[in-house]
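A.B. asks: Sharing a structure with you now.
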Amino acid sequence: MKKFLLVAAAILISTVTSFAKDIKLDPGLTQDMFKSATKELGVALAFNPMSPAEPLGITGFDAAAEVIVTEINDDKDYWKLTFKNGDTIPTIPTARIHLQKGLPFNIDVGAMYSSVPSTDIKLWGVEVKYAILEGGITMPAISIRGAFSKLEGIDEIDVNTYSGDLMISKGFLFLTPYAGITMLRVNASENSDLVTLDDVHETIYRGLLGLQVSPLPLLNITVEASIGEVKQYGLKLGLRF
């Protein structure tokens, strides 16, 4: 399992997270532009569920590599004034290691981590989920989840997020579809010598749809889409037992 995770993470991280190295705030960036850019960036850095509502159970454990792709308005001036030389990209991809552990009383805890090779840039997060209903043959699982994420290593900006999710899922054989609603709080501040801008605190509401597929024992593949002002898609490959 360890070898699988290391190989999967290396492939993902080496191909998707270099965008963060190119962030450089331009003197022409206004407060409204900074607000719009960090709002989309905050969504990209949020700690997504990437898992159904049902609890893992006291002996359960899930270890996975995942990639999250966030669509941004790269043609807008606020992104052109956020990246070096206005060299924008249409999506922000991030690769992550995601670990989850089941605890007593239908509680799961988890953590995620990502880093950009050869830089100090890191993204990390923690989560806790409580299953109000653990689900069964006829009943769906319903859970609430809280998460925190933080971006580190970028000189120009500081970003962290808080999120709360209400989720429902129901398994059918090796398929477990799930859905939920999310409240995301994005907090951002700038550290640039070229601009002087107020901190940003934005609340975003989103819906999410996902599907976990378990074609083989232990193996699970999850796809997830977040629906709202900023669109986001995720793919997870993991081992669950």
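The values are calculated or read from the model by the stated rules, or taken from the named source; none is laboratory data. Predicted model, so just to flag it, every value in this text is computed and none were measured. For neighbour counting, all protein chains shown are included, and Cβ atoms are generated from backbone atoms with ideal geometry for every residue, glycine included.
A.B. asks: Within region 185-228, which residues are farther than 22 Å from ILE168 by Cα and of a type in the set (Asp, Glu)?
C.D. replies: Once the filter is applied, which keeps residues that are farther than 22 Å from ILE168 by Cα and of a type in the set (Asp, Glu), region 185-228 yields GLU190, ASP193, ASP198, ASP199, GLU202.
A.B. asks: Go through region 100-116 residue by residue and tally those that are farther than 23 Å from ILE132 by Cβ, among the aliphatic types (A, V, I, L, M) and in a strand (DSSP E or B).
C.D. replies: 1
A.B. asks: Continuing with the same structure: Filter region 131-146 down to residues that are out of contact with any Pro (no Cβ under 8 Å at 6 or more places or on another chain) and not in a loop (DSSP other than H, G, I, E, B) and give me whichever is nearest to PHE47 (Cα to Cα). Walk me through how you get there before you give the answer.
C.D. replies: Taking region 131-146 and keeping what is out of contact with any Pro (no Cβ under 8 Å at 6 or more places or on another chain), we get 132, 135-140, 142, 144, 146.
Retained after the next criterion (residues that are not in a loop (DSSP other than H, G, I, E, B)): 132, 142, 144, 146.
Working: ILE132: 21, ILE142: 19, ILE144: 14, GLY146: 9 Å.
The residue in question is GLY146.
A.B. asks: Looking at region 213-241, which of the residues that are among the hydrophobic types (A, V, I, L, M, F, W, C) and in a loop (DSSP other than H, G, I, E, B) is surrounded by the most Cβ atoms within 10 Å (Cβ to Cβ)?
C.D. replies: Applying the filter and picking the extreme gives VAL230.
A.B. asks: So, one more: What pairs come up if the first residue lies in region 55-67 and is closer than 18 Å to ILE97 by Cβ, the second is aromatic (Phe, Trp, Tyr) and assigned to a loop (DSSP other than H, G, I, E, B), and their beta carbons are under 8 Å apart, counting only those six or more places apart or on different chains?
C.D. replies: Partner pairs satisfying both residue conditions: GLY60/PHE241; PHE61/PHE241.
A.B. asks: Let me ask you something else. Evaluate region 80-100: report whether one residue or more is free of Cβ contacts under 8 Å to residues at least 60 places away in the same chain, basic (Lys, Arg), under 21 Å from ALA188 (Cβ atoms) and surrounded by fewer than 19 Cβ atoms within 10 Å (Cβ to Cβ).
C.D. replies: Checking region 80-100: at least one residue is free of Cβ contacts under 8 Å to residues at least 60 places away in the same chain, basic (Lys, Arg), under 21 Å from ALA188 (Cβ atoms) and surrounded by fewer than 19 Cβ atoms within 10 Å (Cβ to Cβ).
A.B. asks: Within region 101-152, which residues are among the polar types (S, T, N, Q) and buried (at least 16 other Cβ atoms within 10 Å of the Cβ)? Explain how you work it out, then say what you get.
C.D. replies: Of all residues in region 101-152, those among the polar types (S, T, N, Q) come to 106, 114-115, 118-119, 138, 143, 149.
Of everything in region 101-152, those that are among the polar types (S, T, N, Q) and buried (at least 16 other Cβ atoms within 10 Å of the Cβ) turn out to be ASN106, SER114, SER115, SER143, SER149.
A.B. asks: Can you confirm whether ALA37 is in a strand (DSSP E or B) and either in contact with a Ser or Thr (Cβ under 8 Å, 6 or more places away or on another chain) or aliphatic (A, V, I, L, M) (or both)?
C.D. replies: Here the answer is no, as ALA37 does not meet what is asked.
A.B. asks: Could you please give the count of residues in region 72-101 that are closer than 21 Å to GLN232 by Cα and at pLDDT 90 or above?
C.D. replies: 4
A.B. asks: Looking at region 164-172, can you tell me whether even one residue there is among the hydrophobic types (A, V, I, L, M, F, W, C), surrounded by fewer than 19 Cβ atoms within 10 Å (Cβ to Cβ) and part of a strand (DSSP E or B)?
C.D. replies: yes
A.B. asks: Would you confirm whether or not region 25-38 contains a residue that is modelled with pLDDT under 85 and closer than 28 Å to ILE181 by Cα?
C.D. replies: No, because not a single residue in region 25-38 is modelled with pLDDT under 85 and closer than 28 Å to ILE181 by Cα.
A.B. asks: Scan region 198-212 residue by residue and report those that are surrounded by 15 or more Cβ atoms within 10 Å (Cβ to Cβ) and out of contact with any Pro (no Cβ under 9 Å at 6 or more places or on another chain).
C.D. replies: VAL200, GLU202, ILE204, ARG206, listed by residue number.
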